[in-house]
Amino acid sequence: MQDGSGGLSAYELERLENIRQNQAFLSSMKIFQAAEDLKQSKPSQRGLPRSKAAVSEVLPSRRSLRLQHKIPETSSLPPEPRGVLTYDYSQPCKKPSGPLPMEPANMEEGSKLPPELLNLCSEVSVKEEKVELNLKEYRSALKNMRITEGRVAKVVKHRIFSAAFHPCTSSLLMATGDKWGHVGLWNIGGGWGDDGVLLFEPHSRPVGCMAFSRTNPAHLLSLSYDGSLRCMDIEKACFDDVYVSENDLKSFDFLTPDCATLVIGDWCGQVAIVDRRTPGNSYESLHTMDTKTIRCVNVHPLHRQYFAVAENRVVGIYDSRCLKKTKSQAVSQLLGHSLSISSAYFSPSTGNRVLTSCMDNTIRIYDSSALTTKVPLLTSIRHDMHTGRWLSKLSAVWDPKREDCFVVGSMARPRRVDVFHESGQLQHSFGNQDHLSTVLSVTAFHPTRNALLGGNNSGRLHVFAE
């Protein structure tokens, strides 16, 4: 029976009311908005093209012999295999030692490097008077940094392990290394390669650390877990051997201001001192530290004989003049970490602070202005550092333009990158609904410009800049 409400029955009116209430509930939970966000956040198509999935062979469907009314050919099991079983992990072979030509893998065979690249890498930066911003001005500068569609690109094929800005100022040129030994160069707005991306293959395993030489910016040094450290020399168009080890290498830093001498840490707890001017690809001296593995080495910016080593649960500061072959004694120690330490970095100008990242979900800042036996702790900041096995570990790194602020990726949603003051105060969070939808594990500030990069698990770089 129908009432006077538009000819609808009581049942139909009740059903419409239920629909209205359900939609109001979903709107209050922002379900529709979340669905729209998922539709909008598509990965950037700039940079390297996506690899096409291999077309699987179509095989005939399997049917049991019983259903086919057939008798099995044999009823006995095959014999058990004898001897030692070997497994093929399908990992790339180690690259041969010696210089490797810089042949872009994403260009036609025989293609030469674009001459604009050498001009850009050889650019002499004009030294301007350094203007020290207060925190309010610094926060304002961070807020003016934006990400756009043109500032996101796939630069390497696989998960990013390391990245660095080139010091040139006329353009934003970046380098990054991935899980399987690729090194990519990306010039935003560049006219070469794939949207300004050039891809190289100098290593065969993760490129865990890289840095441009401060004295010759046409040199990019890259270190890999495959036991090799190479120098990309753009003038010679080759990757030169610097150091080769039987152990997996983890981290390096320049021990001298001319960037000729390096300190290199490996996964077996050894530190090698390497002089690039010495012929060959071996070390000057090798020192076994009192630890199982070394995750990071970093040199003091002023007193360059000192370098910090992130060991298992302790950061030790060592004097390179007093190293022994085994169990060298640390000048100072940074204590208080309850789990493994991912990284430890001196503050960029004075070295009066040491910034550490630890898997106990804590970022710590220590006062290293006086290298006493035990360096005092200044600040502890709670931060989720558990990325899981499929993402690169988070590491807090200093802004090279300041002594008191640093950047670190975040596991929080919506995805973002956080900048903190050494006091623990959050200065700014970089995020964007349209162009940032993944965790940026690897982060770095430009040495002079207001620009920040972040690398993710799919080989993409995201850049925030003015």
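Brief remarks follow.
- In plain terms, the residue of Ser222, Ser162, Ser349, Ser170 with the fewest other Cβ atoms within 10 Å comes first and the most crowded comes last, giving Ser170, Ser349, Ser162, Ser222.
- Amide H contacts for Asp178 (H built 1.01 Å from N in the peptide plane; partners 5 or more residues away or on another chain; cut-off under 5 Å): Phe161, Val207.
- Listed candidates (1) 272; (2) 133; (3) 201 - label of the one calculated as volume of the Cα convex hull per residue in Å³: (1)
- Phi to ³J(HN,Hα) by Karplus 6.51 cos²θ - 1.76 cosθ + 1.60 over region 378-387, Hz, x for Gly, Pro: 9, 9, 10, 10, 6, 7, 5, 10, 8, 8
- Highest mean packing comes first when the peptides 151-161, 431-441 are listed by Cβ atoms within 10 Å, giving 151-161, 431-441.
- Ranked Thr379, Thr148, criterion: other C-beta atoms within 10 Å, fewest first: Thr148, Thr379
- Region 108-178: C-alpha gyration tensor shape, a/c 1.5 cut-off, then a/b vs b/c: oblate
- Contact order for region 330-466, expressed relative to its length and based on alpha carbon pairs under 8 Å spaced 6+ residues apart, stands at 17 percent.
- Region 199-333 - Rg and Dmax from Cα coordinates, angstrom: 14.2, 42
- Local electrostatic count, Met102, Cβ distance below 12 Å [Lys/Arg +1, Asp/Glu -1]: -2
- For region 355-419 versus region 189-205, the inter-centroid distance based on Cα atoms is 30 Å.
- Local electrostatic count, Asn352, Cβ distance below 13 Å [Lys/Arg +1, Asp/Glu -1]: -2
- Label zone at Asn216 (point 7 Å along Cα-to-Cβ), backbone N below 17 Å, region 154-177: 167
- Cross-link table Lys157/Lys393; Lys112/Lys157; Lys112/Lys250; Lys143/Lys393; Lys154/Lys292, entries beyond 29 Å C-alpha to C-alpha: Lys112/Lys250; Lys154/Lys292
- Karplus-derived HN-Hα couplings along region 408-415 (A = 6.51, B = -1.76, C = 1.60, θ = phi - 60°), whole Hz, x at Gly and Pro: 8, x, 9, 8, 6, 10, x, 4
- Using the Cβ-Cβ distance between Ser429 and Leu16 with R0 set to 41 Å, the FRET efficiency works out to roughly 0.45.
- Prolate/oblate/rounded label for region 253-323 (Cα gyration tensor, a/c 1.5): oblate
- Spin-label pair Thr326/Ser369, simplified geometry with 7 Å Cα→Cβ offset, distance in nm: 4.1 nm
- Between Arg313 and Lys236, the simple spin-label model (points 7 angstrom out along Cα→Cβ) gives 4.5 nm.
- Ranked Met232, Met102, criterion: other C-beta atoms within 10 Å, fewest first: Met102, Met232
- Fraction in percent of alpha-carbon pairs per bin - 5 Å, region 293-384: 3, 15, 28, 28, 17, 7, 2, 0
Just so you know, all these numbers are worked out from the coordinates, no wet-lab data involved. Source: prediction; values computed, not measured. We place every Cβ from the backbone using ideal geometry, glycine too, and count neighbours over all the protein chains shown.
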